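The values are calculated or read from the model by the stated rules, or taken from the named source; none is laboratory data. Since the structure is predicted, the reported quantities are computational estimates derived from the model, not experimental observations. Neighbour counts are summed over all protein chains in view; Cβ atoms, including those assigned to glycine, are modelled from backbone coordinates with ideal geometry. Accessible surface is based on the protein model in full, side chains and every heavy atom, while ligands, DNA and RNA are left aside. Shrake-Rupley method; radii C 1.70, N 1.55, O 1.52, S 1.80 Å.
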Amino acid sequence: MTDGPIRVVVADDQTVVREGIVMLLGLLPGITVVGSAPDGEEALRLVAEHAPDVVLMDLRMPRCDGVEATRRIRAEHPGTEVVVLTTYADDDSLFSALQAGARGFLTKDAGAEEIARAVSDVRSGAAGLSPQVQLRLLERLSGAPHPGAPVAAAAQSAPQPAAPAAPPPRPRPGPAQRPPLPDGLTQREAEVLALIAAGLSNAEIAERLFVSPATVKTHINNLFAKTAVRDRAQAVAYAFKHGISDGS
């Protein structure tokens, strides 16, 4: 981490939201707002001009949306991290932003302490995920339905006719063979990756797997090298992409 205050750019197309966040950040010690932008193109210009540590990025903006702006910032200005702002924790664009290189995710109703923690976390190289967003990521990773998801139309239709008699039971097949893990991951490394995606710390992973924290760190270093991810946020995206989850 560098010395001095964390320098931040705020990008949101809603003036009231943008100015409110700027005002809130101005009250937090250790954070300096160096610019604010109403769209992704202006955010890119401000990043090039001021080289901030962190951009708080709205997802839905004109001219250049948050996902594309995040991708370009991470490609052109790798020293600047991105924390995505979203109105709803179940916004499907979250996953695109994660794959574009965002390190943190906050809902717009986040409090000052939560925003300050996320900004500080991503500046120090960690992932900054609000509890609501982390829950949504885990649901997407595990395939669990989000509460309030629409019920299939067939389940709401009139009573169905009785099912035909079941065919005679077939012989039980042998245990299914698991598909090979991607990028040469070992089974233990996949377990560690799944627990990272589940939001566990190194100490919690060590406790879950009955190994030492040093062993967990070794597994993490190995799996990061094999998968070419740089941090835990990218590891979550990798786990999601390859269907690696706790209990899978």
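Among the residues of region 187-197, write down those that are open to solvent by 30 Å² or more (accessible area, probe 1.4 Å), of a type outside the set (Lys, Arg) and touching a helix residue (DSSP H, G or I) at 6+ places or on another chain (Cβ under 8 Å). Please lay out each step first, then the result.
Here is the first cut: in region 187-197, the residues open to solvent by 30 Å² or more (accessible area, probe 1.4 Å) are 187-188, 191.
Then drop every residue that is not of a type outside the set (Lys, Arg), which leaves 187, 191.
Across region 187-197, the qualifying residue is only 191.
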#### Entry: The one condition in (1) assigned to a strand (DSSP E or B); (2) under 23 Å from residue 233 (Cα atoms); (3) touching a helix residue (DSSP H, G or I) at 6+ places or on another chain (Cβ under 7 Å) that residue 36 fails to fulfil
(2)
### Query
Which residues, taken from region 46-87, are closer than 17 Å to residue 107 by Cβ and surrounded by fewer than 19 Cβ atoms within 10 Å (Cβ to Cβ)?
60, 87
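Would you confirm, using the coordinates I've provided, whether residue 75 is in a helix (DSSP H, G or I), touching a Leu at 6+ places or on another chain (Cβ under 8 Å) and under 16 Å from residue 103 (Cα atoms)?
Working: in a helix (DSSP H, G or I): yes; touching a Leu at 6+ places or on another chain (Cβ under 8 Å): no; under 16 Å from residue 103 (Cα atoms): yes.
The answer is no for residue 75.
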### Query
Counting only residues that are outside any loop (DSSP other than H, G, I, E, B), surrounded by fewer than 18 Cβ atoms within 10 Å (Cβ to Cβ) and touching a helix residue (DSSP H, G or I) at 6+ places or on another chain (Cβ under 8 Å), how many does region 1-25 have?
1
### Message
I need the full set of residues from region 201-218 which are assigned to a helix (DSSP H, G or I), in contact with a helix residue (DSSP H, G or I) (Cβ under 8 Å, 6 or more places away or on another chain) and open to solvent by 40 Å² or more (accessible area, probe 1.4 Å), in order please.
### Response
202, 203, 204, 208, 213, 215, 217
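Could you tell me which of the residues 28, 94 is over 22 Å from the mean Cα position of the chain (by Cα) and not in a strand (DSSP E or B)? Talk me through it step by step, then tell me what you get.
Working: 94 fails: over 22 Å from the mean Cα position of the chain (by Cα).
Going through 28, 94 in turn, just one is over 22 Å from the mean Cα position of the chain (by Cα) and not in a strand (DSSP E or B): 28.
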### Summary
Condition set open to solvent by 70 Å² or more (accessible area, probe 1.4 Å) and more than 22 Å from residue 124 (Cβ to Cβ), scope region 223-248, selection nearest to the chain's Cα centre (by Cα): answer is 241
### Task
Taking the options 75, 100, 48, 37, name whichever one is modelled with pLDDT of 90 or more, among the small types (Gly, Ala, Ser) and within 30 Å of residue 197 (Cβ to Cβ).
75
### Query
Which of the residues belonging to region 26-45 are small (Gly, Ala, Ser) and either surrounded by 18 or more Cβ atoms within 10 Å (Cβ to Cβ) or touching a residue at least 40 places away in the same chain (Cβ under 8 Å) (or both)?
30, 35, 36, 37, 40, 43
